[in-house]
Amino acid sequence: MEYVTRIVIIGGGPGGYEAALVGASLGAEVTVVDCDGLGGASVLTDCVPSKTLIATAEVMTNFDSSYEELGIRVEDIASDGGSAAGPYKERPARVVGVDLGKVNRRVKRLALAQSHDITASVTRAGGRVMRGRGRLEPGQAPDGSRKVTVTAADGATEGLIADAVLIATGAHPREIPDALPDGERILNWTQVYDLTELPEELIVVGSGVTGAEFAGAYQALGSRVTLVSSRDRVLPGEDPDAAAVLEDVFRRRGMNVMARSRAQSAKRVGDRVEVTLADGRTISGTHCLMAVGSIPNTEGIGLESAGVRLKDSGHIWTDKVSRTTAPGVYAAGDCTGVFALASVAAMQGRIAMYHFLGDAVTPLNLKTVSANVFTDPEIATVGYSQADIDGGVIDARVVKLPLLRNPRAKMQGIRDGFVKLFCRPGTGIVVGGVVVSPRASELIHPISIAVDNNLTVEQIASAFTVYPSLSGSIAEVARQLHTRKAASE
Ligand SMILES: Cc1cc2nc3c(=O)[nH]c(=O)nc-3n(C[C@H](O)[C@H](O)[C@H](O)COP(=O)(O)OP(=O)(O)OC[C@H]3O[C@@H](n4cnc5c(N)ncnc54)[C@H](O)[C@@H]3O)c2cc1C
């Protein structure tokens with residue numbers, strides 16, 4: 001009888017379910033164990049819900065920021081001029097508003113439907129899905145197999161034997177002890193979808209990607225937003241030119257952006273929330289969203305006693321083919337702390353399966369990862385960064401072209417944004433790029449293809465683009481880099 005390899009995956013987010021699909025397609029007997037539902041935090045609380053909320057915010061922003069210029073007449077505008085209090089600028093007059101209860105019902109419906117679709121795909125592929133909490137037991141049997149114990153919500157347990165185990169347990173929101181969420185007015189990003197009314201005054205603590213995305217979205221939906229950043233600018237980990245554009249847009253739209261302001265505590269004061277900063281200042285709002293990072297879900301699931309090494313941060317150490325330090329145990333996604341992106345989690349999971357099941361495997365290459373900040377404008381990046389170039393990690397030429405000069409942008413009333421391309425000085429090979437524009441997440445793809453395939457600026461410049469189009473700026477920036485390269489030779 002033919003031996004069928006048994007794989008147990010703990011955690012059913014993108015790292016886990018994408019691995020399950022690959023494992024099943026390669027003929028393994030795959031079980032995915034998840035305590036919340038397939039799709040994981042990505043689908044149920046993080047990526048999918050936030051982008052669905054942002055879809056509504058995007059429509060609001062497009063309308064608000066361009067209707068006048070595009071000649072759209074809006075009758076009977078009820079101005080709230082003068083009602084803006086405290087640090088907020090006066091909001092533009094509005095005739096459209098948001099029914100947050102309806103928006104959030106749509107968000108949850110969509111997330112659940114996607115979770116069901118993923119469960120159906122995994123099951124159709126031949127995988128088994130188990131609801132419960134998985135735990136890796138110590139030791140390996142003489143045949144190399146390992147044991148995972150699954151505890152269901154009712155306390156019932158079941159032992160699973162696996163030839164390989166993939167840990168893909170994700171992460172959860174970090175909390176500040178003096179600012180614990182109450183789920184009503186002090187919230188983390190998994191709780192905001194229970195709101196039925198738009199927060200009047202929202203304080204967002206944390207100006208990383210999650211904080212910036214929510215701050216921008218609620219501002220567009222109609223909240224007065226204060227963004228509290230402990231650093232000297234928003235998005236400290238992103239391209240500095242891109243972050244500067246976004247911060248400028250945020251401020252112009254009336255957001256109160258507080259730099260170098262570390263939040264120390266948040267507490268309820270009646271129907272309001274008071275946030276105290278490290279320097280003693282206080283800010284008051286109707287709601288507060290804490291977006292101060294994530295903690296990996298690696299505690300209490302038997303990892304260290306099974307020989308899985310954890311980093312000081314609590315993340316699982318892995319190599320480029322997703323192996324941990326314990327033979328037969330792989331890890332993928334946010335629990336590894338490699339790159340907190342659904343796409344990277346999925347790739348790590350697939351790589352683990354290809355590696356264990358003996359298929360052709362390409363080790364994880366983080367220099368080709370494309371990522372996007374879903375603000376307005378969006379910020380998309382791929383490959384080497386400006387910081388890599390400034391820090392001497394790679395020698396590259398840089399050209400940045402503002403979108404203002406792009407004919408399509410002018411027609412659309414788009415003023416903020418740019419395309420920036422990085423190429424090697426000698427060969428002109430494209431090594432990275434940044435796009436700041438509406439739908440930058442779509443526009444980055446040609447640059448991603450270039451980075452992934454070592455294409456040159458000349459090759460990018462010589463491909464036709466539609467006239468007029470925003471992607472014309474990508475060809476133009478490549479043309480400028482090519483011309484400068486030719487001139488310097
Ligand atoms: C607000 C927000 C927005 C984001 N937006 C984007 C985006 O637009 N694009 C993008 O690429 N990334 C985005 N991310 C990041 C993305 O969500 C994560 O990188 C992704 O979810 C990681 O996937 P994962 O498979 O590691 O784990 P997760 O998606 O976190 O799933 C892990 C699953 O494992 C379960 N689990 C944990 N412990 C156990 C256990 N012991 N037994 C059984 N099950 C367990 C969890 O309950 C969960 O269901 C966003 C993150 C946040 C916070």
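The values are calculated or read from the model by the stated rules, or taken from the named source; none is laboratory data. Here the structure is a predicted model, which is why all the values come from computation and not from measurement. Here the Cβ positions follow ideal geometry from the backbone for every residue, glycine too, while neighbour counts run over all protein chains shown. In case anyone asks, the SASA skips ligands and DNA or RNA and just uses the protein heavy atoms, side chains included. Shrake-Rupley method; radii C 1.70, N 1.55, O 1.52, S 1.80 Å.
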_Test of the criteria: in the range 130-236, which trypsin sites (Lys or Arg not before Pro) are in a DSSP loop and have at most 13 other Cβ atoms within 10 angstrom of their Cβ?_
Arg174
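I need to check one value: relative contact order of the chain, counting alpha carbon pairs closer than 8 Å and at least 6 residues apart, in percent.
14 percent
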*Which residues in the range 423-448 place their backbone N less than 15 Å from a point set 7 Å from the Cα of Ile394 along the Cα-to-Cβ direction?*
423-435, 447-448
*Expected 222 nm ellipticity per residue - DSSP helices of 4 or more, -39500 (n - 2.57), all of the chain, to 500*: -9500 deg cm²/dmol
*asked:* Would you report the distance distribution of C-alpha pairs in the range 195-247 as whole percents per 5 angstrom bin, up to the bin with the largest distance?
replied: 4, 22, 30, 22, 12, 6, 3, 0
_Skipping prolines and chain starts, which residues have an amide H placed within reach, meaning under 5 Å, of the one on Arg233, given they are 5 or more residues away or on another chain?_
Arg260
*asked:* How much accessible area per residue does the chain have, counting only protein heavy atoms and a probe of 1.4 Å, in square angstrom?
replied: 46 Å²
*Residue pairs, from the table Lys320/Lys420; Lys367/Lys400; Lys108/Lys267, whose Cα atoms sit over 32 Å apart*: none
*Directionally averaged shadow of the chain, computed from the convex hull of its alpha-carbon atoms, nm²*: 26.7 nm²
*Whole-percent carbon and sulfur share, accessible surface of the chain, 1.4 Å*: 51 percent
*Once the dipole of the range 240-306 is set up with Lys and Arg at +1 and Asp and Glu at -1 on Cβ about the Cα centre, which of Gly300, Thr282, Ser265 lies farthest towards its positive end?*
Thr282
*Taking the Cα centre of the chain as origin, sum charge times position over the Cβ atoms of Lys and Arg (+1) and Asp and Glu (-1), and report the length of that vector in debye to the nearest 20.*
600 debye
*Taking the mean number of other Cβ atoms within 10 Å as a proxy for protection, how do you rank 346-353, 400-407, 440-447 from highest to lowest?*
346-353, 440-447, 400-407
*What does the charge add up to near Arg131, with Lys and Arg as +1, Asp and Glu as -1, over the other residues with Cβ less than 10 Å from its Cβ?*
-1
*Quick one: net charge of His355's neighbours, Cβ under 12 Å, K/R +1, D/E -1?*
+1
*Put +1 on the Cβ of each Lys and Arg and -1 on the Cβ of each Asp and Glu in the range 107-176; which of Ala162, Leu112, Met130 then has its Cα farthest toward the positive end of the dipole?*
Leu112
*asked:* Compute the distance from the alpha-carbon center of the range 391-423 to that of the range 1-48, in whole Å.
replied: 40 Å
*asked:* Charges at C-beta only: +1 for Lys and Arg, -1 for Asp and Glu. How large is the resulting dipole of the range 157-310 about its Cα centre, in Debye rounded to 20?
replied: 600 debye
